[in-house]
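Taking it in order: structure first as structure tokens, then the write-up.
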Amino acid sequence: MASGSDLGYNRDMINWSTDEVKFKKANPKEYRLWRLVQLINYGLDGEKLNKKEVKAAWPKIKDRLDPYKKRAIEYLLWGKQYSLPNNLSFWNLSK
């Protein structure tokens, strides 16, 4: 079976609807927040998060995160276990 790079796919591309080069150049601070959200929501792709950076950015990024990933990050950083109701499921997520 051929790998993704053999098929012409860019395996490093996470968000193909955003021109990251232009975004980073035009607004580096907002780009970094966007990038943190992308890494948390869609996978680290071998990268590691900086704990201090995530804590500093938390007030600005927490509402953009997947609720389950937000809960996991809150547990890892602060030991919180109460930010998401236990009965939350796909069917009642928007309630």
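The values are calculated or read from the model by the stated rules, or taken from the named source; none is laboratory data. It should be emphasised that the depicted structure is a prediction, and the values quoted were computed from it without experimental measurement. Note that we place each Cβ from the backbone using ideal geometry, even for glycine, and neighbour counts take in every protein chain shown.
Listed here are the residues, each with its yes/no results for (1) in a helix (DSSP H, G or I); (2) among the hydroxyl-bearing types (Ser, Thr, Tyr); (3) at pLDDT below 90; (4) surrounded by 13 or more Cβ atoms within 10 Å (Cβ to Cβ).
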site	(1), (2), (3), (4)
LYS48	no, no, no, no
VAL54	yes, no, no, yes
TRP58	yes, no, no, yes
LYS62	yes, no, no, yes
ARG71	yes, no, yes, yes
LEU84	no, no, yes, yes
ASN87	no, no, yes, no
SER94	no, yes, yes, no
Pick from the range 73-82, criterion of a type outside the set (Phe, Trp, Tyr) and in a loop (DSSP other than H, G, I, E, B), ranking: modelled with the lowest pLDDT: GLN81
